[in-house]
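The values are calculated or read from the model by the stated rules, or taken from the named source; none is laboratory data. The structure presented is a predicted model; accordingly, all values stated were derived computationally and were not measured. Every residue, glycine among them, receives a Cβ derived from its backbone with ideal geometry; neighbour counts consider all protein chains shown. The area values use the complete protein model at the heavy-atom level, side chains included, leaving out ligands, DNA and RNA. Shrake-Rupley method; radii C 1.70, N 1.55, O 1.52, S 1.80 Å.
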Amino acid sequence: MALARFLAKNVKRTTALPAVLLFFTLLTVNFFIMPGALSRSFLVSFLNTNTAVICLTMGASVVIIAGGIDISLGPMVSVANVMLIKLLAAGTHYSAAIPLTVLATTAMGLLNGVLVAVLRGSSLLTTFAASTVYSGIALLVMPVPGGSVAREMTAFYNGSLLGIPATVFFILAPYVVWKAFKRTPHGIRLYAAGNNPAKAYSSAVNVPAEKLFAFGFAGFSAGIGTVALTSSIGSGDPLIGAQMSMMAISAAVIGGVSLSGGYGDITGGIFGSLFLGLITVIVLSSNISSFLQQFVSGVILLLGMIGAMLFTMRRGEKARRSADRGGGTAHGE
Amino acid sequence: MANKPRRTLNLDNIRIFLPSVLAVIALLVLGRYLSGRFLTVKNLGSILMTSSILMFATVAQNIVLISGNNGIDLSVGAVMSMTALLGPTIPMATVGEFALAIVAVMGMGAACGLINGAGIRQLGIPALIMTLIMAGVVTGFTMYVTKGRPAIELSPLLLGVSKTVFPMFRVLTLAAIAAVAALEIILRKTRIGRSLTLVGDNPRAAELCGLRVSLISVLAYVSSGAIAGFAGLMLVGYTGSAVMKMADGYTLLSVAAAIIGGTSVSGGRGSFIGGALGAIVFVVLNSILQVLRIPEGARYVIQGCLLVVILLTNNRSQKLRQ
């Protein structure tokens with residue numbers, strides 16, 4: 001009884017629930033379409049192809065929790081991808097090229113953070129402008145797809161470490177950084193800054209600093225995601241990230257992260273991106289005419305979003321109402 | 001009472017239009033300096049023609065941006081691509097049929113807008129996400145219906161939109177100018193236009209005034225979709241053929257043009273004329289960069305940096321310390 005009540009309470013409290021439910025529903029559907037779908041090899045290759053989006057979703061979630069939005073994460077991946085390939089082609093050892101790549105995306109993330117948090121640009125439009133710039137840089141660095149990676153990178157990425165698929169460690173890196181940050185006093189401050197910046201400010205929270213961390217973290221996650229992606233596909237493509245920011249943001253929202261800020265966590269976002277990944281798998285494996293595939297996956301995504309919204313709506317309203325109590329006036333942007 | 005809003009409007013007008021007008025003039029002078037053939041009637045005519053399609057897209061975007069509630073329509077380009085591909089399949093032999101075809105494409109766009117509006121208003125899905133998913137659905141639908149085949153056989157009436165009427169001014173350019181002017185008057189002077197502005201500026205106050213906030217913002221998405229549908233058909237009339245995803249780039253350009261034209265991202269402030277000028281700025285800038293043979297990547301970098309500068313000068317959010 002006590003256990004059931006404990007479970008009920010915690011399940012109710014988690015914002016990730018709709019995304020988790022959606023994910024397992026699709027996983028079941030997929031199992032019936034494709035009987036091998038629960039084998040280790042399928043799950044590992046599924047994770048392998050989705051690690052980049054998962055990392056990006058974690059970054060996007062934290063920025064949204066901090067009351068912003070970053071739609072330049074995808075183009076950031078493009079820049080980092082072509083940069084990594086060019087560095088390797090120029091003879092840089094991968095042990096130097098990989099940290100440099102992560103450093104570059106972190107710097108791009110921090111630049112977005114400065115523009116939004118310090119110079120107070122609107123985060124949607126500023127990162128939109130930044131994404132134009134980043135796409136341009138990627139095209140300048142490498143106008144056409146090509147290149148190759150060190151064989152060790154591909155081997156490591158497709159192999160496993162201590163019996164755990166290597167790709168899991170790429171997901172764990174941003175996850176651990178965020179969970180550690182959340183345990184410090186800054187964790188609650190970041191949520192406060194996202195929920196109601198004016199009130200957070202009057203409670204002596206350094207709002208710009210918290211936002212800056214969120215953007216920097218998103219850049220860092222994008223870098224880790226890029227390294228995973230580049231090891232997985234083994235080449236460079238200046239357009240590779242073009243669709244990714246929007247996938248990451250959709251995944252975060254399905255995962256229960258509220259775009260009004262200060263609500264949700266990255267765990268939901270992870271399941272949201274797994275749900276998106278499964279849509280592609282199901283549509284590809286179900287023998288639908290190729291002309292119909294995009295329409296079907298779009299409709300599934302729309303239905304999933306509607307389901308997630310209906311699910312969180314009442315609870316979200318409740319949370320917002322309790323946050324509004326006391327006459328909060330400031331809204332994120 | 002009657003004087004006050006008019007005065008603020010005038011102040012707004014100068015502040016909104018001046019940067020774009022100066023930018024266009026500066027860019028035209030620069031273009032003349034760079035190439036002797038830049039300021040010819042023919043080139044200016046084609047710049048205006050390209051701008052007029054972007055103007056329609058920008059109007060569609062502007063309506064949604066003005067309606068507030070973090071409104072944005074990322075399905076503008078996808079809807080345009082859809083009507084560019086599906087529109088020409090409607091028979092357009094006579095003027096009557098052509099008019100019906102226009103109504104039909106606007107209806108298609110309006111249907112997409114209605115789904116957008118319903119999802120955003122009734123289910124509370126953020127506009128950014130809803131319209132983005134809608135863009136995917138619309139593109140998928142177009143792919144399914146056309147099986148990826150381009151539209152190449154166009155009715156002469158449709159191609160007629162790019163006929164030159166006066167030197168520099170083609171049919172569509174004149175239509176765009178007339179539409180932008182008419183919509184600006186509707187936005188400023190009529191009840192529905194003012195309601196839209198109030199809903200965007202302060203939805204709570206609008207509701208207290210007895211306005212039906214949900215209905216008005218759903219209508220904003222519906223009209224945005226309808227105008228985007230029209231713009232798509234006009235685009236294929238100009239280019240002469242349509243391929244999958246041909247208009248997708250208009251989504252981001254329309255946002256950029258609206259912002260340069262002085263529309264506020266937080267809603268409740270904006271101008272169609274400003275947006276139209278913003279559209280001209282982007283088209284002229286692009287054609288100059290093409291004259292200079294600047295690679296695609298560098299063009300993006302320049303446009304993006306320009307947009308950052310503009311955003312940081314006219315669209316910054318309030319200081320936390322008040």
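Screening residue A:213 on (1) part of a loop (DSSP other than H, G, I, E, B); (2) surrounded by 20 or more Cβ atoms within 10 Å (Cβ to Cβ) shows it passes everything except condition (1). Here the helices (runs of 4 or more DSSP H) wholly within region B:125-237 that include at least 1 residues being more than 14 Å from chain A (Cβ to nearest Cβ) and either open to solvent by 60 Å² or more (accessible area, probe 1.4 Å) or closer than 24 Å to residue B:264 by Cβ (or both) are B:156-159, B:171-189, B:191-201, B:203-208.
Considering only region B:243-252, I want to know if a residue exists there that is over 30 Å from residue B:102 (Cβ atoms), out of contact with any Cys (no Cβ under 6 Å at 6 or more places or on another chain) and within 13 Å of chain A (Cβ to nearest Cβ). There is no residue in region B:243-252 that is over 30 Å from residue B:102 (Cβ atoms), out of contact with any Cys (no Cβ under 6 Å at 6 or more places or on another chain) and within 13 Å of chain A (Cβ to nearest Cβ).
Just checking, how many residues over region A:105-129 are surrounded by 19 or more Cβ atoms within 10 Å (Cβ to Cβ), assigned to a helix (DSSP H, G or I) and in contact with a helix residue (DSSP H, G or I) (Cβ under 6 Å, 6 or more places away or on another chain)? Qualifying residue count, region A:105-129: 15.
Residue A:205 falls short on exactly one of the conditions (1) open to solvent by less than 40 Å² (accessible area, probe 1.4 Å); (2) under 21 Å from residue A:107 (Cα atoms), and that condition is (2).
With respect to the conditions (1) open to solvent by less than 10 Å² (accessible area, probe 1.4 Å); (2) in a helix (DSSP H, G or I); (3) under 25 Å from residue A:268 (Cα atoms), residue A:68 falls short on a single one, namely (2). Counting only residues that are in contact (Cβ under 8 Å) with a residue 40 or more places away in the chain, open to solvent by 10 Å² or more (accessible area, probe 1.4 Å) and either assigned to a helix (DSSP H, G or I) or at the interface with another protein chain (Cβ under 10 Å from one of its Cβ atoms) (or both), region B:283-306 holds 5 of them. Of the candidates A:275, A:271, the single residue that is open to solvent by less than 20 Å² (accessible area, probe 1.4 Å), assigned to a helix (DSSP H, G or I), farther than 22 Å from residue A:108 by Cα and out of contact with any Ser or Thr (no Cβ under 7 Å at 6 or more places or on another chain) is A:275. Selection of first residues in region A:108-123 that are touching a residue at least 12 places away in the same chain (Cβ under 8 Å) and at the interface with chain B (Cβ under 9 Å from one of its Cβ atoms) and of second residues that are of a type in the set (D, E, K, R) and open to solvent by 10 Å² or more (accessible area, probe 1.4 Å), restricted to Cβ pairs under 6 Å at least 6 apart or on distinct chains, gives the following pairs, ordered by first then second residue: A:122/A:333.
Being among the basic types (Lys, Arg), open to solvent by 10 Å² or more (accessible area, probe 1.4 Å) and touching a helix residue (DSSP H, G or I) at 6+ places or on another chain (Cβ under 8 Å) is a condition met by at least one residue of region B:37-54.
Out of the residues in region A:278-299 that are touching a residue at least 24 places away in the same chain (Cβ under 8 Å) and either among the hydroxyl-bearing types (Ser, Thr, Tyr) or open to solvent by 20 Å² or more (accessible area, probe 1.4 Å) (or both), state the one that is nearest to residue B:120 (Cα to Cα). Spell out how you get there, then give the answer.
Looking only at region A:278-299, we keep the residues that are touching a residue at least 24 places away in the same chain (Cβ under 8 Å), and these are A:278-279, A:281-282, A:285-286.
Subset that is either among the hydroxyl-bearing types (Ser, Thr, Tyr) or open to solvent by 20 Å² or more (accessible area, probe 1.4 Å) (or both): A:281, A:285-286.
On the way: A:281: 28, A:285: 32, A:286: 31 Å.
Among those residues, the one meeting the criterion is A:281.
Please state which one of B:111, B:101, B:84, B:93 is of a type in the set (Gly, Ala, Ser), in a helix (DSSP H, G or I) and either surrounded by fewer than 21 Cβ atoms within 10 Å (Cβ to Cβ) or within 14 Å of chain A (Cβ to nearest Cβ) (or both).
When all the criteria are applied, what remains is B:111.
All of (1) open to solvent by 60 Å² or more (accessible area, probe 1.4 Å); (2) within 21 Å of residue A:63 (Cβ to Cβ); (3) small (Gly, Ala, Ser) hold for residue A:155 with one exception: (2). Scanning region B:162-210 for residues that are without any contact (Cβ under 8 Å) to a residue 12 or more places away in the chain and farther than 21 Å from residue B:60 by Cβ yields B:163, B:165, B:166, B:191, B:204, B:205, B:206, B:207, B:208, B:209, B:210. Every listed requirement among (1) assigned to a helix (DSSP H, G or I); (2) in contact with a helix residue (DSSP H, G or I) (Cβ under 7 Å, 6 or more places away or on another chain); (3) within 14 Å of chain B (Cβ to nearest Cβ); (4) open to solvent by less than 50 Å² (accessible area, probe 1.4 Å) is met by residue A:223 save one, (3).
For residue B:175, the conditions (1) touching a strand residue (DSSP E or B) at 6+ places or on another chain (Cβ under 7 Å); (2) at pLDDT 85 or above; (3) not β-branched (Val, Ile, Thr) are fulfilled apart from (1). The requirement of being open to solvent by less than 10 Å² (accessible area, probe 1.4 Å), in a helix (DSSP H, G or I) and not hydrophobic (A, V, I, L, M, F, W, C) is fulfilled somewhere in region B:269-277, by at least one residue. Counting residues in region A:229-252 that are in a helix (DSSP H, G or I), within 11 Å of chain B (Cβ to nearest Cβ), small (Gly, Ala, Ser) and open to solvent by 10 Å² or more (accessible area, probe 1.4 Å) gives zero. Within region A:39-53, no residue that is open to solvent by 40 Å² or more (accessible area, probe 1.4 Å) sits with its Cβ atom under 6 Å from a residue that is among the aliphatic types (A, V, I, L, M) and part of a helix (DSSP H, G or I) at 6+ positions apart or across chains.
Surrounded by fewer than 20 Cβ atoms within 10 Å (Cβ to Cβ), among the β-branched types (Val, Ile, Thr) and more than 13 Å from chain B (Cβ to nearest Cβ), is that true of residue A:101? Break it down stepwise before answering.
On the way: surrounded by fewer than 20 Cβ atoms within 10 Å (Cβ to Cβ): no; among the β-branched types (Val, Ile, Thr): yes; more than 13 Å from chain B (Cβ to nearest Cβ): yes.
No: the conditions fail for residue A:101.
If the condition is being in contact (Cβ under 8 Å) with a residue 60 or more places away in the chain and surrounded by fewer than 23 Cβ atoms within 10 Å (Cβ to Cβ), then region B:114-124 contributes B:114, B:118, B:121, B:122. Screening residue A:138 with (1) within 13 Å of another protein chain (Cβ to nearest Cβ); (2) free of Cβ contacts under 8 Å to residues at least 12 places away in the same chain gives one miss only, at (2).
Taking region A:141-152, which residues are more than 14 Å from chain B (Cβ to nearest Cβ) and open to solvent by less than 40 Å² (accessible area, probe 1.4 Å)? Scanning region A:141-152 gives A:146, A:149, A:150.
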